[in-house]
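Structure, as structure tokens:
The values are calculated or read from the model by the stated rules, or taken from the named source; none is laboratory data. Here the structure is a predicted model, which is why all the values come from computation and not from measurement. Virtual Cβ from ideal backbone geometry, glycine too; neighbours counted across all protein chains shown. We work out accessible area using only protein heavy atoms, side chains counted, and drop any ligands, DNA or RNA first. Shrake-Rupley method; radii C 1.70, N 1.55, O 1.52, S 1.80 Å.
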Amino acid sequence: MSRPEEISPPEIFYGDDEARKYTSNSRIQAIQSQMTERAIELLALPEDQPAFLLDIGCGSGLSGELLDEAGHYWVGMDISPSMLAEVALEREVEGDLFLQDIGQGFGFRPGTFDGAISISVLQWLLNADTSSHSPPQRLTRFFTTLHSALRNPSRAVFQFYPSSDDQVHLITQSAQRAGFGGGIVVDYPNSKKARKMYLCLMVGHQEVPRGLEGEEEVSRREGVRNETRRKKERNKIVGGKKRKEESGKEWVMKKKELYRIRGKEGVPRDSKYTARKRRVQF
Amino acid sequence: MLVSILSLFSSPQFRENCTSNNFPLVFSEVELVVRPVPENQEFLKRFLPKLEWRALVETARSLGNESLPLIQPETLTDDQLKALHHVLLELHVEQGNMTCKGCGHVYPISNGIPNMLLAEHEVGR
Ligand SMILES: C[S@@+](CC[C@H](N)C(=O)[O-])C[C@H]1O[C@@H](n2cnc3c(N)ncnc32)[C@H](O)[C@@H]1O
């Protein structure tokens, strides 16, 4: 099977149809949010503070939603108008969205962001979509301007799908030249299914975190344990946007209330069915 | 939204040959909306040092919001914090243009999304 980035440029590949299909696919939702959780963990942000973050290649906001939930403010960049305008806006994500090609670099004031995440995006920068595109040049431009937009100290965590070791090498090398420390973190390196690669970049001197060990079965259990720990930690945070662990229902009620304050039309009225799990129908 | 717009461009050369006088971007032909979000003083206090007060106030005034004083007060009153929250996080430019004073380039905003795409030959170095 070919990789999407080899089929067509991102803004074409993620047209209206694909953007919708991508976002409503429950398997994709689950995987993206799992990887986002891990990326947020690797960011290692100070616990009790709402941060200002960048979501690079934010798409329809699957990753950004978790930043909302963790009480952070974020700016999302993406090159696909369909992902942004058709899907992210429809889903009312909270972040500020920009239509931007990350290979052209950022223009943010130095030290603006407390951190950055990027989920399943970086591999797109390795493809030259036009004859004027040079992947090494675009990577350099991207990493240099990102480095300056981040504050010292901070981190940028990228989950990505390289297609070769050469690609990994090219990416880490350009990041280093741009001034970043850090390196590659591989979770579950021995499991074919659960193996995931994260590029964990650092501004200022910091130690590289370790990957999660073990096979998938073990790792699942491990994952659950990490999850409860993480949730406990998150509960401790105070003063953010959404602090307490909320039940699905509370969350839905809050969102609905927000929409009502904003005068959105057609917000369903609350009933005993609100936020109930739907039975899966075949 | 202004929280991110006011984070754009001071010295980095985003667009080729655009190196000076490129902050803040100037709005024109705007259509505004207000989207209430819960207040978070902690975030505001942490963001304040990164902010150029005068640029914030001038931008807010250009959008018809006069709630903030031109000179930055040493400590903000509760009312001023409320006003700051409103201007930075609740006020959104749905449609309009942002013009760079330095190079004259216009970045259009549609559906609240600024279009920052450059032609290949315009990309900075
Ligand atoms: C697999 S999706 C991931 C979206 C989102 N991060 C998530 O986890 O659901 C990849 C995204 O990268 C974006 N992308 C690819 N190349 C890009 C570029 N050069 N600049 C900005 N975004 C890009 C695509 O438009 C697409 O939305």
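Accessible area buried by the pairing of B and A, both sides summed with a 1.4 Å probe, works out to roughly 3300 Å². For the set A:T23, A:T144, solvent exposure ranked by accessible area (probe 1.4 Å, protein chains only) runs largest to smallest as A:T144, A:T23. Database remark: amide H of A:G182 closer than 5 angstrom to the amide H of A:M202 (H placed geometrically; neighbours at sequence offset of 5 or more, or on other chains; Pro and chain starts carry no H).
Using a cutoff of 8 angstrom between alpha carbon atoms and counting only pairs six or more residues apart, the relative contact order for chain B works out to 38 percent. Note on B:T99: accessible area approximately 40 square angstrom, rounded to 10, probe 1.4 Å, nucleic acids and ligands left out.
Taking 29 Å as the limit for the C-alpha separation, the pairs A:K21/A:K193; B:K50/B:K82; A:K196/B:K50 exceed it in the case of A:K196/B:K50.
As an exercise, use a Förster radius of 60 Å and the Cβ-Cβ distance of A:K21 and B:L63 to find the FRET efficiency, rounded to the nearest 0.05.
0.95
Relative contact order of the stretch A:4-214, taken over Cα pairs closer than 8 Å and 6 or more residues apart, is 18 percent.
Across the stretch A:31-45, rounded Karplus estimates of 3J(HN,Hα) from the backbone phi angles (6.51 cos²θ - 1.76 cosθ + 1.60, θ = phi - 60°) give 5, 4, 6, 4, 5, 5, 3, 5, 4, 5, 4, 5, 5, 6, 6 Hz, Gly and Pro being marked x. Over chain B, dividing the summed -39,500 (n - 2.57) contributions of all DSSP H runs of at least 4 residues by the number of residues returns a 222 nm mean residue ellipticity of -6000 deg cm²/dmol. A 1.4 Å probe run over the protein chains yields, for the stretch A:4-214, 38 Å² of accessible area per residue, whole-number rounding.
Roughly how many debye, to the nearest 20, is the charge dipole of the stretch B:3-114 about its Cα centre, given +1 on each Lys and Arg Cβ, -1 on each Asp and Glu Cβ, and no other charges?
300 debye
Compute the accessible area of each residue in the stretch B:76-115 twice, once for its chain alone and once with every protein chain present, using a 1.4 Å probe on heavy atoms, and list those whose area falls by at least 30 Å². Buried by the other chains: B:N111, B:I113, B:P114. Going by a 1.4 Å probe on protein heavy atoms, which residues of the stretch A:114-150 end up with at least 50 Å² less accessible surface in the whole assembly than in their chain alone? By number: A:R141. Largest first, the residues A:H169, A:H205 sort by 1.4 Å accessible area into A:H205, A:H169. Ranking of B:S28, A:S154 by solvent-accessible surface, largest first: B:S28, A:S154 (1.4 Å probe, protein heavy atoms only, all chains present). Taken one residue at a time, the phi angles of the stretch A:130-140 give Karplus couplings (6.51, -1.76, 1.60, θ = phi - 60°) of 9, 5, 7, 7, 10, x, x, 5, 5, 4, 4 Hz. Gly and Pro are set to x.
A:Y198 sits with roughly 10 Å² accessible to a 1.4 Å probe, with DNA, RNA and ligands left out of the calculation. Derived scalar couplings between HN and Hα for the stretch B:30-38 equal 8, 10, 9, 9, 10, 10, x, 9, x Hz in order, rounded to whole Hz, by the Karplus curve 6.51 cos²θ - 1.76 cosθ + 1.60 (θ = phi - 60°), x for Gly and Pro. Less than 5 angstrom separates the built amide H of A:W74 from those of A:L53, A:D96, all sequence-distant by 5 or more or on a different chain. A cysteine counts as unpartnered when no other cysteine's C-beta lies under 4.7 Å of its own; in chain B this applies to B:C100.
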